[in-house]
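*Asks:* Handing you a structure now.
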Amino acid sequence: MNAPPKLSALPRFGKLLPCLSAGFAGAALGCALLIQQSLAQQREDFETGARIAHRLLSQRAVQHEAVLVTLSLLRATPDARLTAVYPQVLQLRQRAAGEIWPGPDRLRTALEAAEQSSRKPQLAAADMTTGRFWIVMPTPNGAGAAAEAHALEVSLALMVPWSEWPFGASPEVMQASSTRAWLVHDGAAFAMHAEAASSAANPPLALRQFTFDKRLAAESQPFTLHVEQNYRIADLPWLSLALWLAAWSALLASGVHMLRLRRARRRAEALLRLGQVSRLNALGEMAAGLAHELNQPLTAVLANTQAAMRLLDDDPPEADAARAAMTQAAAQARRAADVVARLRRSIERPGGKCVTVDLAELVRSSANLLEPECRRRGVAMAVSGADAVPVAADPVALEQIVHNLIGNALNALEATPAPSLQLAVTRDPATRQARLSVRDNGPGVAAAVRDHLFEPFVSARPGGLGLGLSLCDTLATEMGGRLRHQAASPGAEFILELPLARSEDAGQPVRRPA
């Protein structure tokens with residue numbers, strides 16, 4: 001059966017989602033502002049160029065009127081040098097009084113009609129296909145078709161040369177540009193600089209289009225300048241956009257890095273506080289454990305000294321029994337001193353030093369020490385197993401474990417009829433383990449606390465601190481062994497396993513418990 005997918009990444013992504021949204025929003029806003037600024041700048045440049053083109057064309061148109069007016073006032077004959085000064089003027093024609101206009105009939109008819117319709121310069125004919133037009137001017141005080149007149153043929157394409165055209169100084173520049181200009185008259189249009197306007201038939205994709213329409217400032221040349229410019233994808237400020245995105249990404253990265261550092265600092269502070277609390281808890285647990293471990297030997301010292309005092313007060317005094325009671329009191333006092341000394345060593349040098357200790361002898365010594373207590377409680381205690389089992393252990397810690405296990409068993413047998421306690425010491429050469437079994441026929445361990453027996457402050461006995469088994473388990477682990485519980489019927493069984501002493505230590509003397 002497939003395991004369900006892990007969703008641990010979703011909360012983390014949920015925390016990052018606001019940051020990602022803010023980052024995308026900031027990047028989009030900055031790009032939009034840059035594009036808007038580029039758009040406004042291009043519009044301004046376009047309008048400036050269109051006004052310049054209109055002014056230049058209007059100036060040329062006014063010059064045409066001035067030339068005709070001057071020729072008419074002076075009644076001068078057209079000079080060929082005039083076309084050199086004004087390249088856009090292709091021809092100059094003069095009609096004397098009483099004559100007719102030379103040239104094709106169509107042109108002659110147009111010139112005569114324009115001449116008769118006004119006494120000012122007047123558009124006579126305009127061919128928007130070729131980009132040429134005629135303007136005519138009768139002489140002042142002239143009357144009728146027989147009056148003297150002058151006419152000019154002008155090229156629209158040459159009105160503004162490349163050097164002065166504001167949208168490109170060469171055909172190549174105009175080809176790359178998206179700007180196109182036309183002069184419009186009577187619905188017909190002439191593309192300015194037609195050699196560069198071929199791409200107008202296939203305009204590039206436009207994001208925005210700018211337009212400009214204005215009539216030239218000359219009544220005789222009623223042309224309207226129409227200019228268009230496309231804002232294309234290529235016109236976007238790509239360099240500015242790239243720089244902005246790079247700067248914004250760097251800013252976001254630094255912000256995220258600062259947030260991570262801040263979070264890491266907070267985590268470190270929390271771990272520091274947790275460590276302080278853990279040390280305080282450990283100190284409290286150690287103090288409670290010390291009180292628990294010292295309680296038994298001090299109680300035994302008090303009980304033995306009181307018994308010795310009663311024995312000495314008898315008449316006659318029982319000196320031998322009193323001496324035995326005081327001997328046991330002294331042994332318990334030495335045990336209390338050893339507990340304090342071991343605690344000091346664990347603080348100064350964590351981890352007690354393991355030496356070779358005879359586990360069987362230590363168990364027999366502890367049983368003999370607690371034999372009066374067993375007789376008082378009516379508990380039948382039996383010790384079995386090997387005669388000598390050398391183990392690598394801390395003798396004080398090992399003695400504490402054995403006393404705790406026997407003391408816990410005696411407490412569990414208080415309300416048990418015919419109580420019995422069995423201590424068995426064995427060895428397993430195959431696994432190089434020594435084994436101590438402490439088994440009673442009491443009520444056993446309740447199921448509610450069976451899985452938490454070796455945790456601090458968990459006790460199956462009313463009023464117990466719940467530190468004895470926890471401390472024993474810690475001491476056994478420090479010596480490379482382990483302590484475990486095993487259900488028995490009836491009662492309970494606790495098993496202590498310790499490593500046997502190494503073979504190279506076999507020749508060394510085995511330390512006997514005091």
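The values are calculated or read from the model by the stated rules, or taken from the named source; none is laboratory data. None of these values were measured; they are calculated from a predicted model. Please note: Cβ atoms are built from the backbone with ideal geometry, for glycine as well, and neighbour counts cover all protein chains shown.
*Asks:* If we scan region 250-261, do we find a residue that is in contact with a His (Cβ under 7 Å, 6 or more places away or on another chain) and either in a helix (DSSP H, G or I) or modelled with pLDDT under 80 (or both)? Talk me through it step by step, then tell me what you get.
*Replies:* Our first condition is that a residue be in contact with a His (Cβ under 7 Å, 6 or more places away or on another chain); within region 250-261, this holds for none.
Looking through region 250-261, none of the residues is in contact with a His (Cβ under 7 Å, 6 or more places away or on another chain) and either in a helix (DSSP H, G or I) or modelled with pLDDT under 80 (or both).
*Asks:* Further question: Yes or no: VAL227 among the aliphatic types (A, V, I, L, M), under 22 Å from GLN36 (Cα atoms) and at pLDDT 90 or above?
*Replies:* Values: among the aliphatic types (A, V, I, L, M): yes; under 22 Å from GLN36 (Cα atoms): yes; at pLDDT 90 or above: yes.
Spelling it out, VAL227 is indeed among the aliphatic types (A, V, I, L, M), under 22 Å from GLN36 (Cα atoms) and at pLDDT 90 or above.
*Asks:* In region 425-440, which residues are surrounded by fewer than 18 Cβ atoms within 10 Å (Cβ to Cβ) and at negative phi?
*Replies:* Applying the first criterion (surrounded by fewer than 18 Cβ atoms within 10 Å (Cβ to Cβ)) to region 425-440 yields 426, 428-433.
Within region 425-440, THR426, ASP428, PRO429, ALA430, THR431, GLN433 qualify.
*Asks:* Next up: Hey, among the residues in region 339-358 that are assigned to a loop (DSSP other than H, G, I, E, B) and modelled with pLDDT under 80, which one's farthest from the chain's Cα centre (by Cα)? Steps first, please.
*Replies:* Residues of region 339-358 that are assigned to a loop (DSSP other than H, G, I, E, B), as a first pass: 349-354.
Cutting the leftovers down to modelled with pLDDT under 80 gives us 349-353.
On the way: ARG349: 44, PRO350: 42, GLY351: 43, GLY352: 47, LYS353: 49 Å.
Top of the filtered list is LYS353.
*Asks:* A further question on this structure: Go through (1) modelled with pLDDT of 80 or more; (2) among the charged types (D, E, K, R); (3) under 24 Å from ASP473 (Cα atoms) one by one and return the number of the condition GLU293 breaks.
*Replies:* (1)
*Asks:* With in contact (Cβ under 8 Å) with a residue 60 or more places away in the chain and among the hydrophobic types (A, V, I, L, M, F, W, C) as the only criterion, which of ALA418, ALA330, ALA367, ALA393 stands out? Give the derivation first.
*Replies:* Details: ALA418 fails: in contact (Cβ under 8 Å) with a residue 60 or more places away in the chain; ALA330 fails: in contact (Cβ under 8 Å) with a residue 60 or more places away in the chain; ALA367 fails: in contact (Cβ under 8 Å) with a residue 60 or more places away in the chain.
Selected residue: ALA393, the only one of ALA418, ALA330, ALA367, ALA393 that is in contact (Cβ under 8 Å) with a residue 60 or more places away in the chain and among the hydrophobic types (A, V, I, L, M, F, W, C).
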